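S.K.: Okay, handing you the structure first.
The values are calculated or read from the model by the stated rules, or taken from the named source; none is laboratory data. Note that the structure is predicted; figures quoted are calculated from it, not measured. For neighbour counting, all protein chains shown are included, and Cβ atoms are generated from backbone atoms with ideal geometry for every residue, glycine included.
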Amino acid sequence: MAIDSPSLASLITELQSSGLRVEAPMESRHGGAGPSDSGMLWIEGVAVTVPTDAEFARTSPYVLRPEDDGFGIYLDGVRLAAAAGTPRPRYYDLTTADGIPYWKIALLHLDSLASTVLQTCAYWGNSDQCQFCGIGLSLDAHRTIAKKRPDQLAEVALAAKELDGAVDATLTTGSTAGADKGALYVAQCGAAVKQAAGLPVEVQFEPPHDLDVIDQVHGFGVDSVGIHVESFDPVVLARIAPAKARTGIDGYFAAWERAVALFGEGQVSTYVILGMGEDPALTVDGCRRAIDMGVYPFVVPLRPIAGSLLGHLRPPSAAYAEGIYRQVVPYLTARGLGSKGVAAGCARCQACSAMGAMEGLSLGATRTKA
């Protein structure tokens, strides 16, 4: 019998806090930016990433065990849920004409193609470095290339769609020293992917100095944008992301207001990371203010990246994360926003949060594997 929706949402929250011990080979994402050091699973048909490689995950009470058909998730010998892994994407075995493996250009996160188009950042390695970030780690480990060209991304996106069923593309970038912060290049890349593969595309970038740049991004024809504040607590933001703090939380709201006017309600999102010492009241209030504007606050537990400045931490407790979700998700759904309405990107995918599963409790529409 399938696990009921409330229990599934709580299980996802627990796994993203405690991690998962793995007793069988599975597709995972190691190091760098994105859902790092994580296993990628469908748990009862719901897309989920959970920490599997971190030290704390190796002592997790939750265990993934192989079964005759897929996997089971167990706690103290009791089977809690069915799970299915994802096979190694077939396009990973292809290379460009100049010999670059496709997987160094873009990865498949469950059913979403993802790439950091500029794997360098103006803040990396100096006092402005975001403490949760691992953008330079995968480059140092030779798991990617520094700059992906639009034509390369288009080629890989078409292969990922045709060979592995990718349903959207999420493109992010390290910030540049220019006035647009890299927004125009990632938008150019997004346009190439959309034209070649026909996939919905989200591009993610820092608020540009001139908000008219967001109009130019819209002109490239991408579907959604992610402009990530990371924390609504200004004290925490100043500590963990000094350059973002200089933009200021009100600066993010100004960028979101411009973006929502162009892309529409629900097509603008922001990451909100839990577990960095933030004030929960400020977090909930900031999320609700963003929702009132038509922005989807994608609330996620901290996923500490080995080698990052916060790599020594653990995710927040499940109780803390669930407490925030339960204050944000009902407000979101009452406002008529939800992951089902997002065209592309992290808020569409939902795998790094339990928000999507909790949306399903009130909407009866938990995202399931096609």
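S.K.: Free of Cβ contacts under 8 Å to residues at least 60 places away in the same chain and either of a type in the set (D, E, K, R) or touching a Lys or Arg at 6+ places or on another chain (Cβ under 8 Å) (or both): which single residue out of 128, 98 fits that description?
M.R.: Selected residue: 98, the only one of 128, 98 that is free of Cβ contacts under 8 Å to residues at least 60 places away in the same chain and either of a type in the set (D, E, K, R) or touching a Lys or Arg at 6+ places or on another chain (Cβ under 8 Å) (or both).
S.K.: Quick one: which residue in 348, 289 is assigned by TED's automatic domain parsing to the domain that holds residue 265, assigned to a helix (DSSP H, G or I), under 18 Å from the mean Cα position of the chain (by Cα) and charged (D, E, K, R)? If you could, list the steps in order and put the result at the bottom.
M.R.: On the way: 289 fails: under 18 Å from the mean Cα position of the chain (by Cα).
That would be 348, the only listed residue that is assigned by TED's automatic domain parsing to the domain that holds residue 265, assigned to a helix (DSSP H, G or I), under 18 Å from the mean Cα position of the chain (by Cα) and charged (D, E, K, R).
S.K.: Take residue 270 and decide whether it is assigned by TED's automatic domain parsing to the domain that holds residue 128, among the hydroxyl-bearing types (Ser, Thr, Tyr), buried (at least 20 other Cβ atoms within 10 Å of the Cβ) and assigned to a helix (DSSP H, G or I).
M.R.: No, not satisfied.
S.K.: Let me ask something else about it. Of all the residues that make up region 279-300, how many are of a type in the set (S, T, N, Q) and free of Cβ contacts under 8 Å to residues at least 40 places away in the same chain?
M.R.: Of the residues in that region, 0 qualify.
S.K.: Among 164, 140, which is in the same structural domain as residue 302 (by TED's automatic domain parsing), modelled with pLDDT of 95 or more and among the acidic types (Asp, Glu)?
M.R.: None of the other options fit; the residue is 164.
S.K.: Okay, next question. One residue is enough: does region 207-230 have a residue meeting the conditions under 21 Å from the mean Cα position of the chain (by Cα) and among the small types (Gly, Ala, Ser)?
M.R.: Yes: one or more hits.
S.K.: Shifting gears a bit: Filter region 162-194 down to the residues that are of a type outside the set (A, V, I, L, M), within 24 Å of residue 241 (Cβ to Cβ) and assigned to a strand (DSSP E or B) and list them by number.
M.R.: Filtering region 162-194 down to residues of a type outside the set (A, V, I, L, M) leaves 162, 164-165, 168, 170, 172-176, 178, 180-182, 185, 188-190, 194.
Remaining after also requiring within 24 Å of residue 241 (Cβ to Cβ): 170, 172-176, 178, 180-182, 185, 189-190.
Those that are of a type outside the set (A, V, I, L, M), within 24 Å of residue 241 (Cβ to Cβ) and assigned to a strand (DSSP E or B): 170, 172.
S.K.: State the number of residues belonging to region 74-84 that are touching a residue at least 12 places away in the same chain (Cβ under 8 Å) and either over 16 Å from residue 12 (Cβ atoms) or over 23 Å from the mean Cα position of the chain (by Cα) (or both). Before you say what the answer is, go through the steps one by one.
M.R.: Of region 74-84, the ones touching a residue at least 12 places away in the same chain (Cβ under 8 Å) are 74-76, 80-84.
Filter again for either over 16 Å from residue 12 (Cβ atoms) or over 23 Å from the mean Cα position of the chain (by Cα) (or both), leaving 74-76, 80-82.
Total satisfying the criteria: 6.
S.K.: Could you check region 227-278 and list, in sequence order, the residues that are closer than 19 Å to residue 128 by Cβ, of a type in the set (A, V, I, L, M, F, W, C) and without any contact (Cβ under 8 Å) to a residue 60 or more places away in the chain?
M.R.: Across region 227-278, the qualifying residues are 227, 229, 235, 236, 237, 238, 245, 249, 255.
S.K.: Take region 85-95 and flag every residue that is in contact (Cβ under 8 Å) with a residue 40 or more places away in the chain and not charged (D, E, K, R).
M.R.: Within region 85-95, 85, 86, 87, 89, 91, 94 meet the criteria.
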